[in-house]
1. Right, Ser48: within 25 Å of Arg96 (Cα to Cα), hydroxyl-bearing (Ser, Thr, Tyr) and either buried (at least 24 other Cβ atoms within 10 Å of the Cβ) or within 16 Å of ligand 1 (Cβ to nearest atom) (or both) or not?
2. For region 229-236, check the following and say yes or no: at least one residue is touching a residue at least 40 places away in the same chain (Cβ under 8 Å), more than 16 Å from Ile164 (Cα to Cα) and within 15 Å of ligand 2 (Cβ to nearest atom).
3. Considering each residue of region 272-310, count those that are part of a loop (DSSP other than H, G, I, E, B), buried (at least 17 other Cβ atoms within 10 Å of the Cβ), more than 10 Å from ligand 1 (Cβ to nearest atom) and hydroxyl-bearing (Ser, Thr, Tyr), and give that number.
4. Condition test on Ala89, is it assigned to a helix (DSSP H, G or I), loosely packed, with under 15 Cβ neighbours inside 10 Å and touching a residue at least 40 places away in the same chain (Cβ under 8 Å)?
5. Please go through region 203-230 and pick out each residue that is closer than 19 Å to Pro280 by Cα and either hydroxyl-bearing (Ser, Thr, Tyr) or touching a Lys or Arg at 6+ places or on another chain (Cβ under 6 Å) (or both).
6. Pairs only if they're at least six apart or on different chains, beta carbon under 9 angstrom, first in region 7-20 and farther than 17 Å from Asn39 by Cβ, second among the charged types (D, E, K, R); list them, first residue then second.
7. Confirm whether Phe153 is out of contact with any Leu (no Cβ under 7 Å at 6 or more places or on another chain), part of a loop (DSSP other than H, G, I, E, B), surrounded by fewer than 17 Cβ atoms within 10 Å (Cβ to Cβ) and at pLDDT 95 or above.
8. Against the condition within 11 Å of ligand 1 (Cβ to nearest atom) and surrounded by fewer than 15 Cβ atoms within 10 Å (Cβ to Cβ), how does Glu269 come out, does it pass?
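The values are calculated or read from the model by the stated rules, or taken from the named source; none is laboratory data. For clarity, every value in this text was computed on a predicted model and none was experimentally measured. We place every Cβ from the backbone using ideal geometry, glycine too, and count neighbours over all the protein chains shown.
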Amino acid sequence: MVQKSNAKRMLVMKFGGTSVGSAEALAQAMGIVESNRPNWTHMVVVVSALSGATNLLLDGAMQAAQGKPEAYLKAEVALRSRHTAMAEAFLSTGNRQERFRFEMEELISQFSRFCQAITILGEATPRALDAVAGLGERLSARLFASALQERGFATEPIDAFDLIVTDSQYQSAVPDFEASSEKTMNCLQSLFSRGIVPIVTGFIGATPEGIPTTLGRGGSDYSAAILGTILEADEVWIWTDVDGVMTADPRFIPEAHTIPELTFREVAELAYFGAKVLHPKTIRPVVDKGIGLRVCNTFAPEKPGTFVIS
Ligand code: ADP
Ligand code: ASP
Ligand code: MG
């Protein structure tokens, strides 16, 4: 275990899809990481795929199963163009941009090969869909980490296959906390000792045999909660595109306002009535351990957001 030496030892932050989905958003997210770094001994960042990327990947694979390759071919073009535009905005044209482009092409070509196989089989199994769905986070973690490195920030992208062990319930895999704890410690300890901030893919894990799984749609919150619990974080901060948990979905109810403090039970009630901002299952481990959980707005980081208490 990492020693608990002072109050501000370990912070886990998660950025959702819209918080990394454009150059402006990524710049905001990076600023948040950089400005908070000096206050914490260790920090872990969990990232979602760029907004819309997971849908593109899954839609491509499912249409391939129907014998329609157009969707995945279009998805490849869209994913390449969005990630390339971001790389051009944040990475100088030297080695770092080339390395990112190389990794991006490798991941996009994995997507293409999966979809070709799915087309031939005429079937997209949950296992295949998980391998495809996780490619978005693998792209965004590499992009985020490279962009921070470009600014001189010590960071490394990590695929959560190397951290989170799950069962084989594809598309809604259940984490094994004990096995994940061992793997996470083995993998992250050496980064922590060198002051490096891991940028971890949300949403994904792997079976004990190493087969890719996902924790279910919106599962990056769960990834942050799992890592926060395992690492005995002091706090977990969920960065999203609204000012925290609100009285209603602000997209539909403009008068909705932020709830400054909520109990776990209240989060569960809100979720029951359709609020998808936080899934209670995903935050339970953190709240149960008494770890501070905050939901805040990437685009208005000065606002306090919502604190979830047990
Ligand atoms: P992220 O990509 O950051 O994980 P999500 O789309 O999963 O973000 O969740 C944030 C969205 O949840 C908001 O943009 C908002 O429209 C919606 N939402 C629904 N109900 C609520 C609520 N009660 N409070 C805040 N946001 C809500
Ligand atoms: N990218 C995944 C999804 O769209 C996970 C997440 O964003 O939390 O469901
Ligand atoms: Mg979400």
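1. yes
2. For region 229-236, residues touching a residue at least 40 places away in the same chain (Cβ under 8 Å), more than 16 Å from Ile164 (Cα to Cα) and within 15 Å of ligand 2 (Cβ to nearest atom): present.
3. 0
4. Yes, satisfied.
5. Residues of region 203-230 closer than 19 Å to Pro280 by Cα: 203-204, 214-230.
Within region 203-230, Thr214, Ser220, Tyr222, Ser223, Ala224, Thr229 meet the criteria.
6. Hits for this filter: Lys14/Asp221; Gly16/Asp221; Gly16/Asp241; Gly17/Asp241; Thr18/Asp241; Ser19/Asp241.
7. yes
8. Details: within 11 Å of ligand 1 (Cβ to nearest atom): yes; surrounded by fewer than 15 Cβ atoms within 10 Å (Cβ to Cβ): yes.
Taking the combined requirement at face value, the residue satisfies it.
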